[in-house]
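Data block below; observations after.
The values are calculated or read from the model by the stated rules, or taken from the named source; none is laboratory data. In this text the structure is predicted, and so the values were computed from the model without any measurement. Cβ placement follows ideal geometry from the backbone for every residue including glycine, while neighbour counts extend to all protein chains displayed. For accessibility, only protein heavy atoms count, side chains too; no ligands or nucleic acids. Shrake-Rupley method; radii C 1.70, N 1.55, O 1.52, S 1.80 Å.
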Amino acid sequence: MHLLQVSQLQKKYGNHEVVQNVDFHINQGECVALLGPNGAGKTTIIKMILDINKLTGGKILLNGKRHDQMRKFIGYLPQHPTFYPWMTGRELLIFMGGLSNIERDILEERINELLKLVGLSEVENQLIGTYSGGMKQRLGIAQALIHQPKLLIMDEPVSALDPLGRRDILELLKVIKQKSTILFSTHILHDAEELCDKMLIINKGQLLVNGSIHQIIEQTQKPIFIIQAPRLSEWTHQLMNEDLIESIELTGNAAKVRVKNIEQGRDWLLSHILKAQLPIQKFELVQESLEEIFLRMVKSS
Amino acid sequence: MNRFTVLLQKEWLDAKRSYKLLWLPVVFMFLGILQPLSSFYLPEILKMAGGLPDGITITLPELTASEVLASALTDQFDQLGLIVIVMATMGIIASDKNNGMLAFILTRNTTLVEYLLSKLVGHAVMIAGSIFLGFLTAVFYTFYLYQAVSVARIAAGLGVYYIWCLFMLTFVIAIGALLSRTPAIALLSIFVLIFLKTITLLEGGFQILNPAHLSNQAVSIITSGNVLPHFFITMTVSVLLIVFCLIFATSYLSRKELPSM
Amino acid sequence: MHYGYHIEIDEIGAWLPLLLPILILHLILFSVALVDLLKRDQSTDYKWLWGAVIILVNIIGPILYFVLGRRQRSDAPTSSKSTPKKVRKS
């Protein structure tokens, strides 16, 4: 049985479909990134799993049971954790732990461990109102872990942070990942790649790719011809309407050309270059990077 | 420790840190002092202000001690006091709702009923303490300046008056669940509550259905020791309205998609 | 028949114990509000404005500060995204 099973998930606001028939599952111990540009529907999916937003279609099962009765097994870090600015960090953890019915002496012990883990032990008695963004994020992670959830869900845990704070949180998540099952959303591919083994790429409410990073690269990677030459724009202009060509991207004096068939494409391109007497400086066949796959998919959907 | 206790402790901490626990009772103590003092010294204050022109004499009614206490309820608590209660409670639901904290708390398997009850009980205790202390100062001043009044009557009157205060509180909670802007919550609540209070001045049978009429009942208990007719009907209606406000707030919030962080 | 009113010494003596509680209550509110205002992390303009309200408006001033002046601390989200998207169930 999967830890989290999402099937045919759908969300409509009026006639506007924010999430369309999304299917995926998460197994115990996995770290899964929910990846997509801003406004793709990531937060909506997360909020439906947490039963903050109601589903208009589909099913979400946690350990095979309906999720709205199971949310005590989920730890949640919101996108913009605000909490109560008049509470101290420790008081917030006591409050959150209390809401999860943890016994007081076990709670105290766990709070001490967590504060140490997220590095807030020294400021535990300061008001949350005085915390920086990164500190609030850490406190958010601590409160999400306080009841030792089966599944830790984080909505854009590093997006709002400066590079240094982002690095810190990513390192912290690497430690947490060893013990927990994690689902987290991000619009930055690099974070997903660094942290997770599985990815869900979504755009406009639709799931585009679902699988491990290896799989995604193997199955969807396409070769690209890189052609470098001066005055390239005229030449590429002529290529636009050819059947064989899938897309052309021009940056400076280099063009990235995707073709439908590698062999035919290569021959055709080379002959065309000769015919046009293009003074090429570089002609290279490379494989797409993960980022290029991601961008291509998001654009074409 | 159950979740309700945890939520209640949070309310208490909030009240301490926001100084509500300080200023709410202090305001009511001011109001309690104001009435007996101004009633007693009004003639002298008038004289100090220049006296009355020749030929005009107004006869200030000789107030009894119990009348002074009663007017502390109707002239102070029901006016400035009402506004202060609304101001102290206007944000209790809306601020949690707007900044996503309510949605967030609910992801912890907390129920809306537990949450709303913690708000209700927390503030009901605070308001009870405040009107008690406020009336206590009024009683001290009245006993000192005028004379003693039956303590049993005062306690009974204040108890009845408190039900009207509870209605104010639950009404603001219900409006707070419905609307999200605190100024709108405050204005609508004050408008409706003052309206209910004002129509108690009119004669008519519908008064028995008006929770604000409990304030008149309290005055009657303090001044005469007797309740006005239909006391129990008004009491029952008020309690039912309180329950209705809470059920409304719960069902409205549970059906709505709450803003989240 | 005379206009004007003279407050005599022994009358002040009678008023004083009655007014003293008001003064004490006022002093408590006033000083707690001022101390809290000074401790807060806010602009100088803000502090001058609320300081004036607390000092100049008797009794009501400190209360206005507690109710309205401290609002943004507990109401406004601390992150940049300040207005949560309003959604309606359809």
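At a glance:
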quantity: Candidate residues B:ASP75, A:ASP51: accessible-area rank, largest first, probe 1.4 Å; calculated: B:ASP75, A:ASP51
quantity: Residue-averaged beta-carbon neighbours from other chains (10 angstrom radius) around C:26-32; calculated: 2
quantity: Minimum 50 Å² accessible area buried by the other protein chains, the range B:94-133 residues, probe 1.4 Å, relative to alone; calculated: B:ASN99, B:MET101, B:PHE104, B:THR107, B:ARG108, B:ASN109
quantity: HN-Hα J in Hz across the range B:225-237 - Karplus 6.51, -1.76, 1.60, θ = phi - 60°, x for Gly and Pro; calculated: x, 10, 8, 6, x, 6, 4, 5, 5, 4, 4, 4, 4
quantity: Backbone HN-Hα couplings from phi across the range A:162-177 [Karplus 6.51/-1.76/1.60, Hz, Gly and Pro as x]; calculated: 6, x, 5, x, 5, 4, 4, 5, 4, 5, 4, 5, 4, 5, 5, 4
quantity: Shielding score for B:13-25, defined as the mean number of other chain Cβ atoms within 10 Å; calculated: 5
quantity: Accessible area per residue in Å² at 1.4 Å probe, computed on the range B:82-195; calculated: 32
quantity: Burial ranking of peptide ranges B:186-193, A:287-294 (average Cβ count within 10 Å, highest at the top); calculated: B:186-193, A:287-294
quantity: Peptide-level mean, for B:173-183, of C-beta atoms on other protein chains within 10 Å; calculated: 1
quantity: Theoretical ellipticity at 222 nm over the protein assembly as shown - DSSP helices of four or more residues, -39500 (n - 2.57) apiece, nearest 500; calculated: -17500 deg cm²/dmol
quantity: Cα gyration tensor, the protein assembly as shown - rounded (a/c under 1.5), prolate or oblate; calculated: prolate
quantity: Two-site label geometry, B:THR236 and B:TRP12: point separation in nm, points 7 Å out along Cα→Cβ; calculated: 3.7
quantity: Global geometry of the range A:36-168, whether rounded, prolate or oblate, following the gyration tensor of its Cα atoms and the 1.5 cut on a/c; calculated: oblate
quantity: Accessible heavy-atom area order of A:ASP267, A:ASP23, B:ASP14, highest first, probe of 1.4 Å; calculated: A:ASP267, A:ASP23, B:ASP14
quantity: Burial ranking of peptide ranges B:36-42, B:133-139 (average Cβ count within 10 Å, highest at the top); calculated: B:133-139, B:36-42
quantity: Protection proxy ranking, peptides B:202-208, B:121-127, average beta carbon neighbours within 10 Å, highest first; calculated: B:121-127, B:202-208
quantity: A:GLU171/A:GLU122 FRET efficiency (R0 22 Å; Cβ-Cβ; nearest 0.05); calculated: 0.75
quantity: Solvent exposure, largest accessible area first (probe 1.4 Å, DNA, RNA and ligands not counted), of B:TRP164, A:TRP268; calculated: A:TRP268, B:TRP164
quantity: Isolated Cys residues of the protein assembly as shown, judged by Cβ distance under 4.7 Å to other cysteines; calculated: B:CYS165, B:CYS245
quantity: Value of Rg/Rh across the range A:1-45 [Cα atoms, Kirkwood radius]; calculated: 1.02
quantity: Accessible-area composition of the range B:171-261, carbon plus sulfur, in percent [1.4 Å probe]; calculated: 78
quantity: A:LYS222 long-range amide H proximity, modeled H, under 5 Å; calculated: A:GLU288
quantity: Angle between chain B longest axis and helix B:213-224 axis [Cα atoms, degrees, rounded to 10]; calculated: 40
quantity: For A:ILE182, residues with placed amide H under 5 Å, excluding near neighbours; calculated: A:GLU30, A:CYS31, A:VAL32, A:LEU152
quantity: Cβ-based net charge around A:ILE216, under 14 Å, with every Lys or Arg adding one and every Asp or Glu removing one; calculated: -3
quantity: The range B:11-256, relative contact order [Cα under 8 Å, separation at least 6], %; calculated: 28
quantity: The range A:284-300 - phi-based ³J(HN,Hα) in whole Hz, Karplus 6.51/-1.76/1.60, Gly and Pro as x; calculated: 9, 10, 10, 9, 4, 7, 4, 5, 5, 4, 4, 5, 4, 5, 5, 5, 7
quantity: Solvent-accessible area buried by C and B, counting both chains, probe 1.4 angstrom, square angstrom; calculated: 3000
quantity: Accessible-area composition of the range A:93-189, carbon plus sulfur, in percent [1.4 Å probe]; calculated: 50
